[in-house]
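The values are calculated or read from the model by the stated rules, or taken from the named source; none is laboratory data. None of these values were measured; they are calculated from a predicted model. Virtual Cβ from ideal backbone geometry, glycine too; neighbours counted across all protein chains shown.
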Amino acid sequence: MAKFRNRIENRIQIMSIEFLENDLDRVNYLSNLLTDHATGGSADEGEYMQLRHELLKNTTLAPMLPEWLKLHRSLGSFWGFIKNQYGTYAERRTYISEQFSGVCNYLEFGQNLAKPALPKPQLFQQPIAAPENTVFNSVVKRIRFLSYTDVIMKLSRKSHVLLIKLA
């Protein structure tokens, strides 16, 4: 049994990030490294830092990577984040997998399936005409350059029974 364990450990030590052939391999390795660390395993700090740096400097991939990856420069910092967010190993595995699925889909299939682009909100170009002396008119005069959603939110705080047709 000891010989078998030594062979497995030697194979694990041989595996290195130098043998990762492409960005998909690097992202998957990083995801596995983080999962291992978040579930009580031992992950190599140097590999984490090198992979993180390589992937974040890639201008195509960086926007698709999890935001927290930019903040946590070390595995210790990542551990402080993940242990408080998710209490069980299963939750941590699921979370990490979901966080890297978008960039993996992009690298594997050539498209970003995880984050569809949302249309930008339209801004008011001119003040909206409304009957004088209304809550709507007074609020719109103060916030005419905000998006429609922002206006609705502000109005909903001012009056509970105000119906607006924006077209």
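From the list Ala62, Ala43, Ala38, the one residue that fits, being over 20 Å from Arg93 (Cβ atoms) and free of Cβ contacts under 8 Å to residues at least 60 places away in the same chain, is Ala62. Filtering the stretch 48-60 to residues that are within 14 Å of Val27 (Cα to Cα) and either surrounded by fewer than 18 Cβ atoms within 10 Å (Cβ to Cβ) or outside the structural domain of Asn105 (by TED's automatic domain parsing) (or both) leaves Met49, Gln50, His53, Glu54, Leu56, Lys57, Asn58, Thr60.
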